[in-house]
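Scroll down for the structure; my scribbles are underneath it.
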Amino acid sequence: MQVTSLLTSFVGLLVVTYLLEKVFNRLKNGRRPPLPPGPRGLPVVGNVRDLPGFDEYEAFHWLKHKEKYGPISSITAMGTTTVILNDLDIASELLEKRSVKHSSRPLQVFAGQMVGAENLVSMVPYGDRFRVQRKKMGRIIGSKTSAAQYNKLQEAEVGHLLLHMLQEPDQYFKHIKREAGSLILKMIYGYTVEQFKEDPLVDLIDETNERLIVAFVPGNFLVDIFPLLRYIPSWVPGAGFQKIAKELRTMFFGTLDKPYAFVEHQIAQGKDNESFVSHLLEDSDSSPETVHNNKYSAAALFGGGADTTVSSVATFLLAMMVSPEAQKKAQEEIDRVVGQNRLPSLGDRENLPYVDAVAKEVMRWNPVAPMGLPHASTEDDVVEGYFVPKGSMLLANIWHFAHDPERYPDPMEFKPERFLGSEPQTDPSKYVFGFGRRICPGRYLGANSIFLNIVQLLSVYDITKPVRDGVVVEPEVRFLPGIVSRPVPFSVSIKPRSPQHEELIRAIEETHPWQESDAKTVQQVAP
């Protein structure tokens, strides 16, 4: 009886809210331009049925809008308008040139309020807290010059990846994830991971991020569409999301607190800890607000940096299997410019235009974040003759920008040559890292990491389709849905190009020797 009464009251409130909104909007918006076109909604709930399914690839779902309604379209669900941008020029106009109006973030009840991720710089609304966090991040990693201070660290971690690939090539995905986690944790917290067994901190952060990636997708949890569901007790049928949020919240705050406590412990013990967080601690006070901002700034960097590297390197391996000609051309360029007696470095980049084009094509072929992160409008606006109301959520279809045949002929093909010559096609870095005031603060580090992984793997390894029982195994070229996208699991053959290249790989152990892990210290300081 109690449950029935609660649900009846909830439905009644929805109806009243809908009717009041209709009356208010009619009075307010008598002569305004129309909203961007879109499907007709239902009474009360609007276009709830027009949202992507839980396991649907979002970019493909919203691309159907371009076919039906044109380059800009909209839906309205529970009073909130979502504007879908299927044109790069329109997206740039709104999110770059008019960023003062469109740089906030929409409220995400599940991931933000219930899990606690609302104060990550990637999710926090545009305002003072956002500016404080971005300023701190920008000072340490926000330019090409500041990112260059991590070049040697990146080269060491990619070198360790090459060693792991030599020992267990079939476990390539595990090695990529370890390398990405190791690099980011060392850079942000000065933490050294376990190299030959599972690392408890890496495992915690990986599992948390995997679950957050699902939680961040708008509409994946019904409570994001019907915020009042947040107050329904967990014992009510259908309220299982309450238990999920509670578990994920505990995990999330563990990722904030444990590595931060490790840095504080290292500094208190007088140990050398050159890291993003140690610099923050040196330059700031110890007030609760400052500590809060520091923790969230660090956590945001880990999520963005690690996911970008893992997705991009996995995409690169897949691309080399389906585009052996590109691999051959890149290896010929490396051999000609660098030779075969040393590994290429970030300093060789400007002399390796084809390899640089391979890196750009990896970013275009499978954008890490196919729909980016949603923006929110803080002022009314008009674009292309359509009204974009204050409070709208703006979704930029980055996957389509990267596969628009008018911008990229043969968009499904992997062709690095498209970025060479006298008339190169649009550099994907102009949109894959986001737009305007919300552009990724670690984009220079991310681009460096992608290039370095690609050039060093190409320099010493042949990446080919595996052969089983005399039959070539063809990879499936398909990518998983989510805020961050990566290829579906695939098999690949990764072998040294020659005995000389194998010796070059083994020599890395002397150049970049393994370091003792800090896992025990973290478990002691923050069990």
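Each value in this text was obtained by applying a stated rule to the coordinates, not by laboratory testing. The structure displayed is predicted, hence computed values, not measured ones. For neighbour counting, all protein chains shown are included, and Cβ atoms are generated from backbone atoms with ideal geometry for every residue, glycine included.
Put +1 on the Cβ of every Lys and Arg and -1 on every Asp and Glu Cβ in the chain; which of Ile398, Ser74, His175 then has its Cα farthest towards the positive end of the dipole? So the residue we want is Ser74.
Distances between placed amide hydrogens fall under 5 Å for Tyr461 paired with Arg497, all partners being 5 or more residues away or on another chain. Legend: distances between Cα atoms for Lys329/Lys360; Lys197/Lys271; Lys152/Lys520; Lys97/Lys430; Lys144/Lys186; Lys246/Lys295; pairs beyond 22 Å are Lys197/Lys271; Lys152/Lys520.
For the chain, a crude dipole built from +1 on the beta carbon of Lys and Arg and -1 on the beta carbon of Asp and Glu, taken about the Cα centre, is about 1880 debye to the nearest 20. Amide H contacts of Asp381: Val388, Lys390, each under 5 Å away and 5 or more positions distant or on a separate chain (H built 1.01 Å from N in the peptide plane; Pro and chain starts excluded). Per residue, the convex hull around the alpha carbon atoms of segment 80-139 comes to 111 Å³. Quick check on segment 466-527: take the gyration tensor over C-alpha atoms, sort the square-rooted eigenvalues as a ≥ b ≥ c, and tell me if it's rounded (a/c under 1.5), prolate or oblate. Oblate is the answer for segment 466-527, as a/c is 1.5 or above yet b/c matches or exceeds a/b. Compactness of segment 329-424 is given as radius of gyration and Dmax, 19.2, 61 Å, from Cα positions. Compared with the alpha-carbon gap, the fully stretched path from Asp257 to His279 is longer by 6.2 nm at 0.36 nm per residue. Taking label points 7 Å from Cα along the Cα-to-Cβ direction, Ala526 and Ser498 give a separation of 4.8 nm. The DSSP beta bridges internal to the chain are antiparallel in roughly 85% of cases. Among the trypsin sites (Lys or Arg not before Pro) in segment 249-348, those located in a DSSP loop and surrounded by at most 16 other Cβ atoms within 10 Å of their own Cβ are Lys271, Arg342.
Qualifying GluC sites (Glu not before Pro) in segment 190-285, where qualification requires a DSSP coil assignment and no more than 13 other C-beta atoms within 10 Å, comprise Glu198, Glu274. Diffusion coefficient (Stokes-Einstein, Kirkwood radius over C-alpha pairs, 4 °C, 1.567 mPa s) for the chain: 52 µm²/s, rounded to a whole number.
Membrane-span-like helices in the chain, defined here as complete DSSP H runs extending at least 30 Å along the helix axis by their C-alpha atoms with mean Kyte-Doolittle hydropathy no lower than -0.5, are 2-28, 240-268, 288-322; this is a sequence and geometry rule, not a statement about a membrane.
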